[in-house]
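Colleague: Have a look at this one.
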Amino acid sequence: MIKNRLLAAAVTAAIVLPNIAIATNGMNMYGNGTKANGRAGVGIAIADSAISGADNPAAMVRVGNRIDFGVQIFDPDRTMEISGNAHPLAGSLDYKGDGNNDGPFYIPEGGFNYMLSDDMSVGLTVVGTGGMNTSYDNLAMFDGAAMMAGGVPSTTGINLEVVRILPTLSYKINEEHSVGVSLQIAYQQFKAWGLSSFTGTGAQPGCQATGNCQLSETPNKMNGKGRDDAWGFGLSLGWQGQLTDSLTVGAVYNSKISMDEFDEYKGLLAEQGGFDIAENYGIGVAFQATDKLMLSLDVQEINYSDVDSIGNELNSGPNNTGMNLFNPSNFFGSNNGSGFGWDDITVIKFGTEYQWNDQLTLRAGYSHSDNPISKDQTMFNSLAPAVIEDHATIGMTYILPQGSEISLFYMHAFENELKGSNSIPSAFGGGETDIKMSQDAWGIAYGWNF
């Protein structure tokens, strides 16, 4: 009965408490679970909690009968600046401000694993896995309808929340090697507001010049439609192998998660509201350097470019005029419609773990990732300024007298700025958009073997 209640609580938390701001490796979180987050997200070759299945399903059979749950507080600082922008009807629309009206954000984690035999386990892991959020005050260039009416909106922004629910089967082939498979069940919520300049209201200079004001396949399903949600499914496959007494390696493949469309925003997001979760895969190494010290490394590839609503570039057209935006084959919401223009990225994570004594384990880590956004794509990405490249983390686990554990971590993502170059099409008044972000996060988790 207690196990069933804990399992139900984990799933409920994933659905009602996602509240996730823009994540750190693009739209993906830097790690899964409090223990891994203390190592900058390293976890592919490690099995130390019932959350480990989110990094590698093959880890779960090595965890034993176990329950873990926790939460992190995620506090991003996202800012943008528009310079040199001029609208023939309104003059300068230069802007400088932050998108921090929402936050901090609370991200849940939970996991349960049960050994069916010495060689097989079933489990369930629930993690907030990423998203994006911004909310700017008085961003006139993005809300042309309000601007032409003599005012500006109170706020402009987007909010995306993503949770993965992972039923997992894990099997130990022998004492050295294990494999695992998870069904990836994903839940997303999305909303966008204050974006009337992209609906084709007549506020753009290009629209005034051509008389063609339409920018979307479905203009009435583009902006200010409240919260919409979607479910999707994919697979996760993993392997872990202990090659020597001191060296463990792992590999994981997470398929693209095919999501239902956001019908209320099918005029904004490419492929009629599509927003699949990108395929990613990685390898990991954990080396027990001494009895007390473990060194670990993960390398991960995230293929954002394969998801049209994320990978498609803003269709600015010849000489950055923006005139392609008024071509029906390039309308927002179409298969070729503009997205965020993200490139694929590689993430490298390095972690250390030191067994201070029988009760206390200390962790630290550093990770570096590519920036998925190019300089000519910063305008639309002011709504999702995912330019973070470097993180540093510390963490710890303390074993309580009755044998359960409490774990903590702190993460700082160093500020990174991307200055635009040919970033605002002349159809939107020209000029440049610069975007910048830094982040902090704290987490706590509680777990025990039963």
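Colleague: Mind listing just one residue for me: the one in region 53-84 that is touching a Lys or Arg at 6+ places or on another chain (Cβ under 8 Å) and surrounded by 24 or more Cβ atoms within 10 Å (Cβ to Cβ) and, of those, farthest from Phe142 (Cα to Cα)?
Modeller: Val61
Colleague: Next question. Being of a type in the set (Asp, Glu) and in contact (Cβ under 8 Å) with a residue 60 or more places away in the chain is the filter; apply it to region 269-319 and report the residue that is surrounded by the most Cβ atoms within 10 Å (Cβ to Cβ).
Modeller: My answer is Asp298.
Colleague: As an exercise: evaluate Asp434 against (1) surrounded by fewer than 23 Cβ atoms within 10 Å (Cβ to Cβ); (2) closer than 30 Å to Ile46 by Cα and give the number of the one condition it does not meet.
Modeller: All conditions are met except number (2).
Colleague: Next question. Which residues, taken from region 330-353, are more than 24 Å from Ile277 (Cα to Cα) and among the hydroxyl-bearing types (Ser, Thr, Tyr)? So that I can check it myself, show each step before the final result.
Modeller: Filtering region 330-353 down to residues more than 24 Å from Ile277 (Cα to Cα) leaves 350-353.
Result: Thr352, single match.
Colleague: Looking at region 379-389, is at least one residue crowded, with 22+ Cβ neighbours inside 10 Å, part of a helix (DSSP H, G or I) and under 19 Å from the mean Cα position of the chain (by Cα)?
Modeller: Scanning region 379-389 turns up at least one residue that is crowded, with 22+ Cβ neighbours inside 10 Å, part of a helix (DSSP H, G or I) and under 19 Å from the mean Cα position of the chain (by Cα).
Colleague: Can you pull out the residues in region 113-137 that are closer than 25 Å to Gly64 by Cα, surrounded by fewer than 24 Cβ atoms within 10 Å (Cβ to Cβ) and under 24 Å from the mean Cα position of the chain (by Cα)?
Modeller: Listed by number, the list holds a single entry, Leu124.
Colleague: On the given criteria, is Gln359 touching a strand residue (DSSP E or B) at 6+ places or on another chain (Cβ under 6 Å), surrounded by fewer than 16 Cβ atoms within 10 Å (Cβ to Cβ), in contact (Cβ under 8 Å) with a residue 60 or more places away in the chain and among the polar types (S, T, N, Q)?
Modeller: So Gln359 fails the test.
Computed from the coordinates by the stated procedures, all read-outs in this text should not be read as laboratory data. The model shown is predicted, which means the values in this text are computed figures rather than measured ones. Counting neighbours? That spans all protein chains shown, and the Cβs are built from the backbone with ideal geometry, glycine included.
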